[in-house]
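None of the figures in this text is laboratory data; all of them are computed from the coordinates on show. Given the structure is predicted, the values throughout are model-derived calculations rather than measurements. Cβ placement follows ideal geometry from the backbone for every residue including glycine, while neighbour counts extend to all protein chains displayed.
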Amino acid sequence: RTVSFIIACGCMVCGVIGYLSSKDQSVFSRPPQRVLGLTVNPAFAMLVLVVGVIVLVGVLIGHNVDVRLNIAVGTVLLLVATVALALLRTESNVLAFSVTNVNVFYVVGLLLITAGLYSSTTPPVRTG
């Protein structure tokens, strides 16, 4: 849960700072701003903020909800990163992804999946 909490806080911080630094641009603007090493436009900032909030809600609920949520969000992040990699140098790159953003999404997705797989709890076994 600690790893998921740190990831959620990092996503929310990046999302808030990214949105505040790019709020005067159009939603899918290019060229984007650089925030914390990532290229950010308002749409990307909102995506990262929503991911952080979803993961944080899962962490706060707990009771194996976070397990399923971490695995699902991690998988979605891996898929988004793969699609973004395919669209990197095209006009369809509306979220202004860069190679750094793709690498960060891969790492965060894999960390969330790993945290989800290692944090499941089982009910106590009754003996007797």
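Structure notes:
- Crossing angle, helix 42-61 versus the chain [Cα axis fit, 0-90 degrees, rounded to tens]: 10 degrees
- Nearest-20 debye value, the chain charge dipole, Cβ charges on Lys, Arg, Asp, Glu: 140 debye
- Between the amide H of Ser98 and those of Thr39, distances stay under 5 Å, these residues lying 5 or more places away or on another chain, with hydrogens modeled in the peptide plane.
- Rounded FRET efficiency, nearest 0.05, which uses the C-beta distance separating Ser29 from Val76 and R0 of 35 Å: 0.90
- Subtracting the Cα-Cα distance of Ser92 and Val125 from 0.36 nm times their residue separation leaves 6.6 nm of extension gain.
- Share of Cα-Cα pairs in the chain lying beyond 20 Å, as whole percent: 45 percent
- Degrees between helix 99-118 axis and first principal axis of the chain (Cα, 0 to 90, nearest 10): 10 degrees
- If R0 is 22 Å, the Cβ-Cβ spacing of Thr114 and Val13 corresponds to a FRET efficiency of close to 0.55.
- Using 0.36 nm per residue and subtracting the Cα-Cα separation, the extra length available between Ile6 and Val50 on full extension is 14.4 nm.
- Derived scalar couplings between HN and Hα for segment 13-28 equal 5, 4, x, 5, 5, x, 5, 5, 7, 10, 5, 7, 8, 6, 4, 10 Hz in order, rounded to whole Hz, by the Karplus curve 6.51 cos²θ - 1.76 cosθ + 1.60 (θ = phi - 60°), x for Gly and Pro.
- Using θ = phi - 60° and Karplus 6.51 cos²θ - 1.76 cosθ + 1.60, couplings along segment 63-71 (whole Hz; Gly, Pro as x): 6, 6, 5, 5, 5, 5, 5, 4, 5
- Centre separation in Å (Cα based) which lies between segment 1-28 and segment 74-124: 15 Å
- Around the amide H of Ser29, modelled in the peptide plane, lie the amide H atoms of Ala43, all under 5 Å away and 5 or more residues distant in sequence or on another chain.
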